[in-house]
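The values are calculated or read from the model by the stated rules, or taken from the named source; none is laboratory data. Quick caveat, the model's predicted, so the values are computed rather than measured. Backbone-built Cβ (ideal geometry, glycine too); neighbour counts: all protein chains shown.
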Amino acid sequence: MKKLLQNLMSTILFVSTTVAFGQASFNFINKPAEFHPDGTLAATEPMVFEFSNVPNDADNLISLRFYLYPNGLSTIDTAGNPIDDGVNWTGGDDKMNLLMGLLNDADVNNGFYKTETVDNGDGTFTKTYTVFNVSNDGTNDTYKNGGIVDGAHYAPIIRVIHANGQPRYNNSGQLGMGNGNNPLIVDQATLDQSPDIIATHFAFSYYPPEENDTTGNGEFPHITANASIDLVGSGGDIEYQILTFNPVSKQATNADPFTVSATSSSGLTDITYSVESGPATINGNIVTLTGTVGTVTLKAAQAGNENYYPAQTFLQFEVIDLSTFSPIVSTRLTEDYPIEMPAFYAYPIYVTSEIEEADFITINSIEITVDGTAIPVVSENNLHYALWTPDTYGSHIINITAYGSNGVNTTITKTIEVTDVIATQNVQTIKDAIIEINSTIRQWHYGTYTMPQHIGSYDQIIGNLLVECPSISGGCDDWDRRAFIDVMGPDGNWIQIIRYITPYGVGCNHTIDLTDYASLLQGEVEFRMYIDTWGTGGWQISLDFDFHQGTPQYLYSNVDELWDGSWDLGNPNDLQPVPIANYTYNNNVLSSHLRLSTTGHGWGSNNSQNAAEFYNATNYIDVDGVLNYTQNLWNNCDPNPDNCTGQRGTWYHSRAGWCPGAIAHPDIVDMTSHIVNGTVDFSYRFDPTYIDFCHPNNPECITGVTCSDCNDAYKAQYYIDAQLINFSNTPLIQGTLDIEEINNVADYKLQAYPNPSNGIFKISTSATIGKSVMQIVTISGEVLKTYYFDSAEELNNYTFNLSSIAKGLYFVSIENNAGQGNLKLIMK
C-alpha cells in the first residue's frame, strides 16, 4: 500500500495526524465520516484542517479534492485492519475540486467554507479551514459540480500548490526536494537540478491516514456519501448562507466614486460593506479611491437571523496610476544594414505599438519624421506604416513617436544610411541552434536577426539550411520528424518559409529559393523553427541566406496566407474539410502565384491504403468553382531529392509531398489571370476517390472485422500552408490590414494528475481551445494513442486509461490551428 500511495501522490505521504514540514506544520483536526450526495456535510461534522507557523509571504494555493473508490472499501483482517486489495481509487473520477484561495488571502466565510487566520507575531501565521459544503464553491471552478453517489466512498485530498516553483523528479524518477527543509518553499537546490522529468505543480499533498504505515496495509481514508444524515439546515436547524460579491475590475487612481454590491443565497438584503485595507474609503456601498496605488480589500457582511448564520465574504481589486505607463514602440528598421536602392523608391517603414493596461489607455497616434519632416502614417490596431521616398543618398535621422492617451509618449531614433552601392552578400541568421527534448520540452527555437533592407536591388534570395548532429546524448534524432521555419510578418503573423522533414539519424545540407519572401526578409526579423522531436537525440540547425545582386522583375511583393493548418484526409463525415478562402486582390497587383505546401502524415493498417503518408493522391485547386490546378501529391524519395545520403530507416519509400532528409518544396501555381476578377474564391479539394474506411467516423467500420481498430484515431492528415505571393511596381503593404490573420502562436499549458500514475489520469488546461488533436508519444516518437477534443471542457472531463502500456516516460502533445502544448507523463 505504501508503494501504491507513493505512486498516486506524486509527492510525499504523511502518516501522522500532525505533519511538520520545516517551520510550518499541517494538522488535520476533523475528518467527517459522512457527507450528503449534494456535497454538504453534517452540521456537527465539518471538515477542519489547520496550517501552523506559515511564513507570512507563503502564497500557496489550497484546494480540497475528492476521489471515488471504484469498489468501496477493502475487507479487514482478523486484527481489524483493512486489507489492501490492490485496487486504486479512481483518479479520473474526482467529483469536485474546491479551490480555497491562497494561504495568505484575507479570511472568508462564504457558506461553503470559512477561514480563520491568527498572526503569530513572529513573521508567521496560523490558518484554520472549516469546510461545510464541497460540491461547488460558487465560482463553478469545480469538477462535475457534485454528482456524488449515495453510498459510495470518497478519498479527500488536501493540496498545497506552490505558485512560483515546482518540485522535480530526478533521473531515477524520485522526487528531488533539494535540501528538503520546507515543501511550502521549493528551494533553490531543487530548482538548480537538471532532472529529466518535471512531474507536477504540487508542492505538497496530504492524504489523511486511516492507518499508520506500521501495519503495512493501511486503507485509503474515506468519507461515505449518505442521503440520510442530518444536514446543516434540515429539521429546522439554522442554515448557512452564501455571500457573493459582484466583481470589481482593476481601477485607476483617478477613477470616479463607484458602487459595489453583494447578494446572499438566503435572500437577506441588509448587507454592510467596509474597507479592510488599501487606498479607498466607503460610505454605504459607494467606494471612493484616495488617489494612491495599491490593493483594496473590501468586506461584505450579513448579520444573519433566526434562520441563517452570519456570513461574510471579501473582494480585492488593484488600483493603478495610469501616468506610470509608457507606450512601447518598435520598428523593423535596423541600423545594421543600409537601405539599398539603385534609384529613389518608396520604402515601407513598419511600426508596431502597444501599451500596458490597454483597458484604460490607448495609442492615440504614431508620428514618423525623417530629418525633422513628418511623413504620413497609416494606422490600424497596433500596426502602422509610412512610405518614405528618400531624396538623397547618405545618412538620415528617423524619429518614431507613439503618443498614449494618458499623455505619455515614447520616441525611438534610428540613423539610417541610404545607398546605391549594392553587392551580392551572405547573411547568417540561425546559428548552431540545438532543438532537443531535455529537462524541458524544447521543440522550438526562437531568435531575432537583422537582414538587408532593399528595393529593386536583389533578384534572388537563396536559403541555405544546415542540419547537423548536435554534441548531446543521442546525437542526431533517429527518426524522420516534421519541421518548419517561420518568420514573423510586420503585423505579428507567423508565416512559413520552409517545410522540412528531418533525416533518419544523419545531418544534411539543403537549399531553397526564398525570393518570394523578399518583403519579409528585411530589417529586424524574428524567426522560429519547430521540429517534432521526442527524445532520441536532437538537431543542430543553422540558416543563412545568399542575396544575389540584380534587378528583380517587380520592385515590391507581399505574402497573404489562404490556409495554414491540418485537416483529416478521407473523413467520411467531411471529405472536403478545407474552407473556401475568399480573397480580394489589391488593385496594384500585376502578378500573382499560389505557393502551396502540403505534406501527408499518418499511416498503418488502421488507415485505408496506408494514408496519408503513403497514399498517392490527386488533389485539386479550384478558382471560383472552376478547376485551376491538379496536384499529384507524391514524391520520389530514391534518390533523395536533396542528396541527403547515409540515412537509416525507410528513407527510400516515396511519400505524400515529402521525403525524409529533404525540404518539401511547394507547388507553384500561377494566378495572374485571376487578378482582373478582383474578389476570388479559392478552394482546395482533396482526392475525391479516397475514403478512410477505418476512420472513427465511419459507422460501417467494425473493429476486428473490417479494420483492426476503428477507434485507433491515428488518422490520415494533411498539413497545409498556402500563400498568395503578389508582385507590383507600386508599394504593397505586407500584412494587408483587411485580410484575416492565420496564426498558431498559442502555447497551451497542460497539467496531468496524478503524475506519475498507474496509467489512469486526467489532463487539464485553463486555456480556451477549440477542436484539437492530442497524442500520447513514446520517447522514440511512436504515437501510441491519438485523441480528438472539441473544447477544453471536453478535455478536462476526460479520463485517460493507459494502464496497459509499459512503465516509463511518455509525452503528451496537443495541437490545433491556433497553437500547441506539451507535457511529460510518468507511468509507474
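Could you please let me know if ASP336 is charged (D, E, K, R) and in the same structural domain as ILE412 (by TED's automatic domain parsing)? Criteria met by ASP336. Comparison of ASP692, ASP709 shows that the only residue that is of a type in the set (Asp, Glu), at pLDDT below 95 and under 21 Å from TRP567 (Cβ atoms) is ASP692.
Consider the range 262-274 and keep the residues that are touching a strand residue (DSSP E or B) at 6+ places or on another chain (Cβ under 8 Å) and of a type in the set (Ser, Thr, Tyr). The one that is modelled with the lowest pLDDT is SER265. Within the range 334-351, the only residue that satisfies the criterion of being outside any strand (DSSP E or B) and crowded, with 21+ Cβ neighbours inside 10 Å is MET341. One residue stands out among those in the range 753-777 that are part of a strand (DSSP E or B) and in contact with a Leu (Cβ under 6 Å, 6 or more places away or on another chain): the one that is nearest to GLN717 (Cα to Cα), which is ILE776.
Filtering the range 527-582 to residues that are of a type in the set (Asp, Glu) and farther than 21 Å from GLU815 by Cβ leaves ASP544, ASP546, ASP560. Residues that are part of a strand (DSSP E or B) and surrounded by fewer than 17 Cβ atoms within 10 Å (Cβ to Cβ) were ranked within the range 784-800; the one that is nearest to the chain's Cα centre (by Cα) is TYR788.
Can you report the number of residues in the range 6-56 which are at pLDDT below 50, more than 17 Å from PHE125 (Cα to Cα) and either part of a loop (DSSP other than H, G, I, E, B) or among the aromatic types (Phe, Trp, Tyr) (or both)? Residues meeting the conditions: 8. Among the numbered conditions (1) farther than 20 Å from ILE461 by Cβ; (2) outside any loop (DSSP other than H, G, I, E, B); (3) among the β-branched types (Val, Ile, Thr), the only one that VAL559 does not meet is (1). Could you tell me how many of the residues in the range 623-653 are surrounded by 14 or more Cβ atoms within 10 Å (Cβ to Cβ), in a strand (DSSP E or B) and more than 35 Å from the chain's Cα centre (by Cα)? Residues that pass the stated criteria total 3.
Scanning the range 717-741 for residues that are among the small types (Gly, Ala, Ser) and at pLDDT 90 or above gives ALA722, SER728.
Does at least one position in the range 594-616 carry a residue that is assigned to a helix (DSSP H, G or I), on the phi < 0 side of the Ramachandran plot and not assigned by TED's automatic domain parsing to the domain that holds TYR517? Checked against the condition, which is being assigned to a helix (DSSP H, G or I), on the phi < 0 side of the Ramachandran plot and not assigned by TED's automatic domain parsing to the domain that holds TYR517, the range 594-616 yields at least one hit. Scan the range 294-320 for residues that are surrounded by fewer than 15 Cβ atoms within 10 Å (Cβ to Cβ) and under 37 Å from the mean Cα position of the chain (by Cα) and jot them down. Selection gives THR295, GLU318. Given the condition within 14 Å of the chain's Cα centre (by Cα), without any contact (Cβ under 8 Å) to a residue 40 or more places away in the chain, surrounded by fewer than 18 Cβ atoms within 10 Å (Cβ to Cβ) and more than 19 Å from TRP534 (Cα to Cα), answer yes or no: does some residue in the range 770-777 qualify? No: the range 770-777 contains no residue that is within 14 Å of the chain's Cα centre (by Cα), without any contact (Cβ under 8 Å) to a residue 40 or more places away in the chain, surrounded by fewer than 18 Cβ atoms within 10 Å (Cβ to Cβ) and more than 19 Å from TRP534 (Cα to Cα).
Just one residue in the set HIS454, HIS384 is surrounded by 15 or more Cβ atoms within 10 Å (Cβ to Cβ) and modelled with pLDDT of 95 or more; that residue is HIS454. Determine whether the range 500-522 contains at least one residue that is closer than 30 Å to VAL351 by Cβ and within 25 Å of the chain's Cα centre (by Cα). Within the range 500-522 (the criterion being closer than 30 Å to VAL351 by Cβ and within 25 Å of the chain's Cα centre (by Cα)), the answer is no, since none of the residues qualifies. Does VAL506 satisfy the criteria of being in contact with a Cys (Cβ under 8 Å, 6 or more places away or on another chain), crowded, with 22+ Cβ neighbours inside 10 Å and not assigned by TED's automatic domain parsing to the domain that holds TYR347? Criteria not met by VAL506. When the test is whether a residue is under 35 Å from the mean Cα position of the chain (by Cα), over 14 Å from ARG685 (Cβ atoms) and without any contact (Cβ under 8 Å) to a residue 24 or more places away in the chain, ASN573 does not pass it. Scanning the range 742-769 for residues that are exposed (fewer than 13 other Cβ atoms within 10 Å of the Cβ) and not charged (D, E, K, R), we see that the one that is modelled with the highest pLDDT is THR768. When residues in the range 589-607 are screened for being surrounded by fewer than 20 Cβ atoms within 10 Å (Cβ to Cβ) and at pLDDT below 95, 3 of them pass. Looking only at residues in the range 534-552 that are touching a Cys at 6+ places or on another chain (Cβ under 8 Å) and among the small types (Gly, Ala, Ser), the one that is surrounded by the fewest Cβ atoms within 10 Å (Cβ to Cβ) is GLY537.
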